[in-house]
Amino acid sequence: MAGQGGASTVPAATLAHVAMLYYRDGLTQGQVAARVGLSRATVVNYLRLARETGVVDIRIDGDSFATSTLSREVAARWGLDAVYVAHPDAGGDDSAGATAARLAEMAALAVHDLLSPGDRLGLAWGATVQAIAEAFPKRAIPGLSVHQIVGSMYDHHLFAAETSTVEIARKCGAACRTLHAPAILSSADLAAALRREPIIRQQLGRFAALSHALFSVGDTRPGTTLVTSGIAEADELARYAAAGACAVLCGHFIDAGGRPMDTPLSDRMIGITPAQLARVPVRILVAAGPDKQDAMRALLRGGYVSHLMTDAASAEALLG
């Protein structure tokens with residue numbers, strides 16, 4: 001029922017009719033099947049196609065995730081504008097993968113609802129940001145621009161750094177502003193020279209006008225994206241961790257008190273700096289899990305976060 005490139009070969013009018021019976025009129029899938037003369041399996045497939053092709057846009061208010069008592073308590077404890085909590089399914093899959101998927105789906109809805117026409121969204125990189133981009137609603141935001149805030153890099157587990165920026169811009173009908181430079185250079189002198197190039201200087205200069213920034217946080221374990229993407233070697237990471245690093249923010253090391261650490265690695269980076277990020281009005285951290293607790297607390301102490309999106313277990317831990 002899907003043509004080349006994944007496009008549906010079922011007429012949009014048919015999908016709309018089936019969707020109307022199910023979503024608006026409240027018929028069960030079996031009742032819809034009987035009404036239109038199709039099998040129940042076909043109705044299920046048509047409803048899926050209706051969502052995938054945009055015939056149906058199921059809108060959930062992202063702000064609703066920030067209204068629980070737990071959300072308000074964590075926001076008050078850390079002085080945040082809002083905390084959005086993804087709750088587990090009762091009796092459902094509570095694996096790390098399922099939790100990450102729920103968090104990404106919630107964050108995609110919540111971030112979309114935080115954006116307004118004319119906003120400028122800065123987007124970092126990593127598995128969490130990529131999952132959010134994949135789950136992002138396909139819903140236009142007039143005048144929005146989406147900016148890549150960390151230079152290009154590659155990890156065999158992830159798409160290229162600019163992919164998430166392109167994907168969210170496409171789904172929102174937004175202007176796409178990628179960063180035409182690698183995230184890490186072989187020397188500080190080379191990085192400084194590249195920052196002076198007119199096109200790179202212009203792209204980096206746009207960070208001062210960002211209204212929102214969306215990012216996750218890395219920890220200092222050997223398997224962190226900082227290592228798997230080739231930005232730092234495992235032994236280099238271990239040295240920084242021994243010196244007090246407990247979080248990685250857009251490629252920069254942050255200590256437990258939330259202070260950026262001056263390292264040779266920072267001088268070789270192309271992208272937003274911790275100081276620049278801290279000046280963005282809406283700073284959205286999406287992170288969860290026991291391995292991220294110390295890193296999350298470091299960013300919260302450093303004032304890098306105005307809006308936190310996490311899971312229930314992590315939110316409870318942040319009250320301790």
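The values are calculated or read from the model by the stated rules, or taken from the named source; none is laboratory data. Computed from a prediction, not measured in an experiment: that's the story for all the values here. Here the Cβ positions follow ideal geometry from the backbone for every residue, glycine too, while neighbour counts run over all protein chains shown. Keep in mind that these areas ignore ligands, DNA and RNA; they rest on the heavy atoms of the full protein, side chains included. Shrake-Rupley method; radii C 1.70, N 1.55, O 1.52, S 1.80 Å.
Once the C-beta distance of residue 138 and residue 275 is scaled by a Förster radius of 56 Å, the resulting FRET efficiency is 0.95 to the nearest 0.05.
Shape analysis of segment 14-71 based on the Cα gyration tensor places the equivalent ellipsoid semi-axes at 29, 12, 9 Å, largest first.
Take the Cβ atoms of residue 57 and residue 95, set R0 to 25 Å, and the FRET efficiency comes out at 0.30. Note on surface exposure: 141, 184 rank 184, 141 by accessible area, highest first, 1.4 Å probe.
Each residue, residue 291 and residue 242, gets one label point 7 Å from its Cα in the Cβ direction; the gap between the two is 2.2 nm. Peptides 210-221, 16-27, ordered by how many other C-beta atoms sit within 10 Å of their residues on average, highest first, read 210-221, 16-27. Taken about its Cα centre, segment 8-65 carries a charge dipole of roughly 260 debye when the Cβ of each Lys and Arg holds +1 and the Cβ of each Asp and Glu holds -1. Just the protein heavy atoms count here, and of the accessible area of the chain at 1.4 Å, carbon and sulfur take up 53 percent. Taking packing as the residue-averaged number of other Cβ atoms within 10 angstrom, the listed peptides 298-311, 163-176 run from highest to lowest as 298-311, 163-176. Placing one equal scatterer on every Cα of the chain and applying the Debye formula, the log10 ratio I(q)/I(0) at q = 0.09, 0.12 Å⁻¹ is -0.51, -0.85. Across all directions, the average projected area of the convex hull around the alpha carbons of segment 158-229 is 6.3 nm². Take the alpha-carbon centre of segment 1-80, take the same for segment 111-149, and report the distance between them in whole Å. For segment 1-80 versus segment 111-149, the Cα centre distance is 21 Å.
Note: relative contact order over segment 198-320, using C-alpha pairs below 8 Å and six or more positions apart, is 29 percent.
Charges were assigned to the Cβ only: +1 to each Lys and Arg, -1 to each Asp and Glu. The resulting dipole of the chain about its Cα centre is roughly 860 debye.
An ellipsoid equivalent to segment 66-196, defined through the eigenvalues of its Cα gyration tensor, has semi-axes of 29, 19, 16 Å when rounded to whole angstrom and sorted largest first. Projected onto their three principal axes, the Cα atoms of segment 194-305 cover extents of 38, 28, 21 Å, largest first. Placing unit charges on each Cβ (+1 for Lys and Arg, -1 for Asp and Glu) gives the chain a dipole about its Cα centre, and among 200, 16, 32 the Cα reaching farthest toward its positive end belongs to 16. Each 5 Å bin from 0 upward holds the following percent of the Cα-Cα pairs of segment 76-146: 3, 14, 21, 22, 20, 12, 6, 2, 0.
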